[in-house]
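This report refers to the structure that appears directly beneath it.
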Amino acid sequence: MQPLLDFLSQGGYAFYVWSAFGMTFLLLVAEVISLRRSRRTILRRVGRLARLHTQNQPPGEQ
Amino acid sequence: MKINWFKYASPATFYPVAGRLVPIFGIAALALMLLALYWGFFETPERLGGSNPQKEYYRIIFIHVPAAWLSMWLYLVLAGWSAVGLVFNTRLSFMMANAVAPTGAVFTFIALWTGAFWGRPSWGTYWDWDPRLTSELILFFLYIGFMALHSAIDDSRRADRAAALLAIVGLVMLPIIFWSINCPDPNNCAALHQRSSLGNIESNILTAMLTMTLGFWLYSFATAFARLRGIIVLREQDSVWVRELLAVDGGAETGVGGTSGDGRQADPRQPNRGVRA
């Protein structure tokens, strides 16, 4: 237990060290999540438009 | 052997290539970052420097310096693709520039934020209007300005060219940041960004720092290519190949468009928040 506590306290500078690393972690994770969500949104929107478009076309015609 | 580089300048050709690269770069980035964290926290000394050493808080170096490097390199990439786009008028170049910008802004913010939390214990202040800090802040505003300008112009071709011009003009900030060290004699001032060279750094610290830099680079590739794919689909949505790609399975080939069969969730009138075209 003590080694873990020592590690977390970072010699008394825990606030500075973990604020820096924590914000970096949060930002990178948030960027990945927002990328996945925006990709899903784009594919849903554009895919729906694409299907509408092909349904309106008689088969065999381009 | 002659390679036709312009073949890959077509969004239709590059879209699947980017799709294969994203997971490769993403996994490699994660592995390198974890390795760098392990090395930085467990294989390095607790003190840095001689008579008046930096204590444990110096470990912020393992994200601060790589993020600051990335913020400048990614701006170089952004301006480079903008210039290529202006010269050759290739759509994909502008899309690349747009795909890089948010990641660059993220790393610029990380550099500023981690710098503040390093500056407080070592310089006694979170922020100071020192030349390097100020010019890095301006770089952050340049990224924001690039994205804001691009999204403010409806015609995407005009938006491309206007934002590209801004990016190229903003290049002037890079040498300013690089040479903005205001402490020529380290004996006279506490240490607002002392002149340093990589050769003087303890090798374990250097290893962790360079590993993290490589991890950040690969992360940037992964996110930029992922964003690029979204931009390509949005901006080429009237082209035949996008229609054929999405009409078949609604993008299910990517493994994330699973709800595409449920049309109720999609509202074409809704502005695509968080999506940059």
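The values are calculated or read from the model by the stated rules, or taken from the named source; none is laboratory data. Remember, predicted model here, so these are calculated numbers, not experimental data. We place every Cβ from the backbone using ideal geometry, glycine too, and count neighbours over all the protein chains shown.
Worth a mention:
- Output for the stretch B:31-53, where each listed residue is at the interface with another protein chain (Cβ under 10 Å from one of its Cβ atoms) and either surrounded by fewer than 18 Cβ atoms within 10 Å (Cβ to Cβ) or in contact with a helix residue (DSSP H, G or I) (Cβ under 6 Å, 6 or more places away or on another chain) (or both): B:Met33, B:Gly40, B:Phe41, B:Phe42, B:Glu46, B:Arg47
- Of the criteria (1) more than 8 Å from chain A (Cβ to nearest Cβ); (2) within 28 Å of B:Phe140 (Cα to Cα); (3) among the basic types (Lys, Arg), which one B:Arg59 fails: (1)
- Complete set of residues in the stretch B:135-182 that are more than 24 Å from B:Val87 (Cα to Cα), in a helix (DSSP H, G or I) and more than 18 Å from the chain's Cα centre (by Cα): B:Ile176, B:Trp179
- Scanning the stretch A:13-45 for residues that are in a helix (DSSP H, G or I) and of a type in the set (Ser, Thr, Tyr) yields A:Tyr16, A:Ser19, A:Thr24, A:Ser34, A:Ser38, A:Thr41.
- Taking the criterion of being buried (at least 16 other Cβ atoms within 10 Å of the Cβ) and either modelled with pLDDT under 95 or over 19 Å from B:Arg227 (Cβ atoms) (or both), the residues of the stretch B:139-159 that qualify are B:Leu139, B:Ser156.
- Restricting the stretch B:179-205 to residues that are buried (at least 16 other Cβ atoms within 10 Å of the Cβ) and farther than 19 Å from B:Leu133 by Cα leaves a set whose member that is modelled with the lowest pLDDT is B:Ile201.
- Filtering the stretch B:124-134 to residues that are assigned to a helix (DSSP H, G or I) and surrounded by fewer than 18 Cβ atoms within 10 Å (Cβ to Cβ) leaves B:Pro131, B:Thr134.
- Scanning the stretch A:1-47 for residues that are within 7 Å of chain B (Cβ to nearest Cβ), out of contact with any helix residue (DSSP H, G or I) (no Cβ under 8 Å at 6 or more places or on another chain) and of a type in the set (Val, Ile, Thr) returns a single hit, A:Thr41.
- Taking residues in the stretch B:240-257 that are facing chain A (nearest Cβ under 8 Å), and partners anywhere that are in a loop (DSSP other than H, G, I, E, B) and at pLDDT 55 or above, the pairs with Cβ atoms closer than 9 Å and at least 6 places apart or on different chains are B:Val242/B:Glu236; B:Arg243/B:Gln237; B:Leu246/B:Gln237.
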